[in-house]
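**Student:** One structure coming up, written as structure tokens, with questions to follow.
What follows draws every value from the coordinates through simple rules; no lab data is involved. Treat the numbers as computed from the prediction; the structure is a model and nothing was measured. Don't worry about glycine lacking a Cβ; one is built from the backbone with ideal geometry, like all the others, and counts go over all protein chains shown.
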Amino acid sequence: MAAPFVVAAEGSLGVREDVWTAALRVAAAHPLGVGPGAGGALIAAEVRREEAIQHAHNMWLHYAVEYGLLGLAAALAVTALAAIGAVLLARRGSGAAAALGAGLAGYTVIALFDHPANAVRMSVVLWLVLGLLAADFRPEFGRITLRGPRHIRPGRHTRLAE
């Protein structure tokens, strides 16, 4: 059942394999989530180890446990939209977007094996990256950009009826 989260041979992931399996059971039993801050205790009760378990050691799985399938879908949607935005901006020549996209990719990989968003300093970095990407992203519709009137040259994009 934990196959999507197990990337190495059995036993080589230590407590994570047990925690992921338990988290999947909790998430399946509570598709609407157990609420913020309640996931660690329920996972710990399933694992029955002496170590204190605070979270699912996988940010995405932890969101599924605490916020349910809709919360997980929202987190994945934000991540996917940010990744798509970073790629589009990088294709337009934004070096900042390429760097921010690389940071987002690194954060996403770390989130597979830990829950970096539970640390305030890591959450601030994630939201800073997302905010900088959003500030640089201005969708284009046809030839008119949404950057403001200073970027629209009279006569080229705006023609009065003749």
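**Student:** Which order do the peptides 51-57, 107-113 come out in when sorted by mean C-beta neighbours inside 10 angstrom, highest first?
**Tutor:** Packing proxy ranking, top to bottom: 51-57, 107-113.
**Student:** Let me ask another. Per 0.36 nm of contour for each residue apart, how much would the distance between residue 25 and residue 69 grow if the chain were fully extended, relative to their Cα-Cα spacing?
**Tutor:** My answer for the length gained is 14.5 nm.
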